[in-house]
Amino acid sequence: MKTTWRFGMVLAWAVGMWGGMALADEPAKEMNGLPLVFEDSFDGGLDAWVATDENAWEIVEEDGNKVLGLVRGSNYEPPVRSPLNIIRVKDLEVTDFVLEARLKQTGREYGHRDLCVFFGYNDPSHFYYVHMATKADDHANSIFIVNGEPRLSIAKERTNGTDWGTGYHTVRVQRDTVSGTVQVFFDDMEKPIMVAEDKTFASGGIGLGSFDDVGQFDGVRLWGKKKE
């Protein structure tokens with residue numbers, strides 16, 4: 001009798017845990033009061049995306065799961081000094097937003113080993129991006145603006161560097177256009193690793209990529225207010 005009761009309790013616990021995992025994998029319909037406007041787990045290819053060089057990107061199968069792979073450098077020369085490898089969501093521009101994704105850096109370790117998140121993208125020489133790199137300096141591990149001239153760091157707060165290691169990390173970038181605040185979170189969703197305030201671009205496209213490194217991306221979720 002006791003054995004049966006214990007088995008039932010363990011089974012109920014296991015079912016509850018499994019159900020919790022499944023539910024946790026479903027994106028919330030709202031985040032910070034913003035509706036879910038886009039998500040992609042890359043099972044259906046790259047039709048929803050446009051890149052600076054399509055040949056640099058592939059759908060990669062990893063342990064039975066499909067992810068977005070930046071597998072080589074892009075054959076692209078930007079009009080001003082700025083990242084080379086950019087892939088953006090097609091036909092979508094937002095003002096306020098929360099972007100969340102899983103990122104894995106697959107390149108060699110060095111000071112500027114990076115991956116990026118792009119937002120407020122208006123054209124190839126007018127946008128913002130978050131550059132997460134091993135060591136911070138004037139050109140690395142910061143929030144940047146590209147405004148018709150080479151990128152400029154605008155972070156008010158930032159860490160001394162981002163430790164990519166070898167696995168996936170959850171990255172969240174959120175923006176409030178009224179205050180101009182941009183916050184970047186890396187695994188810890190309570191304390192941002194970077195903060196900036198800027199109102200130059202009120203809206204724009206959203207993207208992923210790197211300055212000149214390789215990496216993988218999965219579980220992209222975007223909550224936001226679409227540009228009218």
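The values are calculated or read from the model by the stated rules, or taken from the named source; none is laboratory data. Just so it is clear, the structure is predicted and the values come from calculations on it, not from any experiment. Note: ideal-geometry Cβ built from the backbone for every residue, glycine included; neighbour counts use all protein chains shown. Ligands, DNA and RNA are excluded from the accessible area calculation, which covers all protein heavy atoms including side chains. Shrake-Rupley method; radii C 1.70, N 1.55, O 1.52, S 1.80 Å.
I want to make sure I understand the PRE zone here: with the label point 7 angstrom from the Cα of residue 225 toward its beta carbon, which residues in the stretch 170-184 have backbone N atoms less than 17 Å away?
174-183
Expressed as a whole percentage, what fraction of the accessible surface of the stretch 93-175 belongs to carbon and sulfur atoms when a 1.4 Å probe is rolled over the protein heavy atoms?
Numbers: 1410 of 3220 Å².
Ligands and nucleic acids excluded, carbon and sulfur reach 44 percent.
For residue 72 and residue 32, FRET efficiency with R0 = 25 Å and r from the beta-carbon atoms, rounded to 0.05? Show your work: numbers first, answer last.
On the way: r = 36 Å, r/R0 = 1.43.
Efficiency, rounded to the nearest 0.05: 0.10.
Can you tally the net charge around residue 182? Count Lys and Arg as +1, Asp and Glu as -1, for every other residue whose Cβ sits under 12 Å from the Cβ of residue 182. It would help to have the intermediate numbers written out before the result.
Details: positive: 156, 158, 172, 175, 199; negative: 96, 157, 176, 197, 198.
Summing Lys and Arg as +1 and Asp and Glu as -1 gives 0.
From Cα pairs below 8 angstrom and at least 6 apart in sequence, can you work out the relative contact order of the chain, rounded to a whole percent?
Details: 542 pairs, mean separation 62.7, N = 228.
Here the relative contact order equals 28 percent.
Give me the extension gain from residue 156 to residue 81: residue separation times 0.36 nm, minus the current Cα-Cα distance, reported in nm with one decimal.
Working: separation 75, 0.36 × 75 = 27.00 nm, distance 2.16 nm.
Gain on extension, residue 156 to residue 81, equals 24.8 nm.
Please give the net charge around residue 125, taking every other residue with its beta carbon less than 11 angstrom from that of residue 125, where Lys and Arg add +1 and Asp and Glu add -1. Intermediate results must be reported in sequence, preceding the final value.
Details: positive: 81, 151; negative: 123, 149.
Computed value for this residue: 0.
Any idea of the accessible area per residue across the stretch 123-221, 1.4 Å probe, to the nearest Å²?
Values: 4000 Å² over 99 residues.
Value returned for the stretch 123-221: 40 Å² of accessible area per residue.
What is the spread of the Cα atoms of the chain along each of their three principal axes, largest first, in whole Å?
75, 38, 36
What translational diffusion coefficient, to the nearest whole µm²/s, does the stretch 114-163 have by Stokes-Einstein, given a Kirkwood radius computed over alpha-carbon pairs, a temperature of 20 °C and 1.002 mPa s viscosity? Please list the in-between numbers first.
On the way: Rh = 10.9 Å.
My calculation gives 196 µm²/s for D.
Run through the stretch 171-200 and list the trypsin sites (Lys or Arg not before Pro) located in a DSSP loop whose Cβ has at most 16 other Cβ atoms within 10 Å. Before the final figure, lay out each step's value.
Numbers: sites: 172, 175, 199; in loops: 199.
The qualifying sites are 199.
As a test of the formula, what do you get for the chain when each DSSP H run with n ≥ 4 contributes -39,500 (n - 2.57) and the sum is divided by the residue count, at 222 nm and rounded to the nearest 500 deg cm²/dmol? Spell out each step's value before the answer.
Numbers: 1 runs with 23 residues, N = 228.
Value at 222 nm, helices only: -3500 deg cm²/dmol.
Stretch residue 59-residue 179 to full length: gain in nm at 0.36 nm per residue minus the Cα-Cα span?
Working: separation 120, 0.36 × 120 = 43.20 nm, distance 3.72 nm.
Taking 0.36 nm per residue and subtracting the Cα distance, the gain is 39.5 nm.
Do any GluC sites (Glu not before Pro) in the stretch 51-102 lie in a loop, going by DSSP, with at most 11 other beta-carbon atoms within 10 Å of their beta carbon, and if so which? It would help to have the intermediate numbers written out before the result.
On the way: sites: 54, 58, 61, 62, 93, 100; in loops: 93.
Loop-located and lightly packed - none at all.
For the stretch 36-110, which chymotrypsin sites (Phe, Trp or Tyr not before Pro) are in a loop by DSSP, counting at most 11 other Cβ atoms within 10 Å? Kindly include the intermediate steps, with their values, before the conclusion.
Details: sites: 38, 42, 49, 57, 76, 97, 110; in loops: 42, 76, 110.
Those that pass, being in a loop and sparsely packed, are 110.
Any chance you could get the radius of gyration and Dmax over the Cα atoms of the stretch 88-174, in Å?
Just the Cα atoms of the stretch 88-174 yield Rg and Dmax of 13.3, 35 Å.
Return the Rg/Rh value of the stretch 174-228, two decimal places, where both radii are evaluated on C-alpha atoms and Rh is the Kirkwood radius. Intermediate results must be reported in sequence, preceding the final value.
Details: Rg = 13.1 Å, Rh = 13.4 Å.
Answer for the stretch 174-228: 0.97.
Run a plain Debye calculation on the stretch 118-228 (Cα atoms as equal point scatterers, no solvent) and give log10 I(q)/I(0) at q = 0.12 Å⁻¹, rounded to two decimals, same order as the q list.
-0.39
Report the local net charge at residue 163: Lys and Arg +1, Asp and Glu -1, summed over other residues whose C-beta lies under 11 Å from its C-beta. Walk me through the intermediate numbers first.
Numbers: positive: 113, 135; negative: 109, 187.
Residues close to residue 163 contribute a combined charge of 0.
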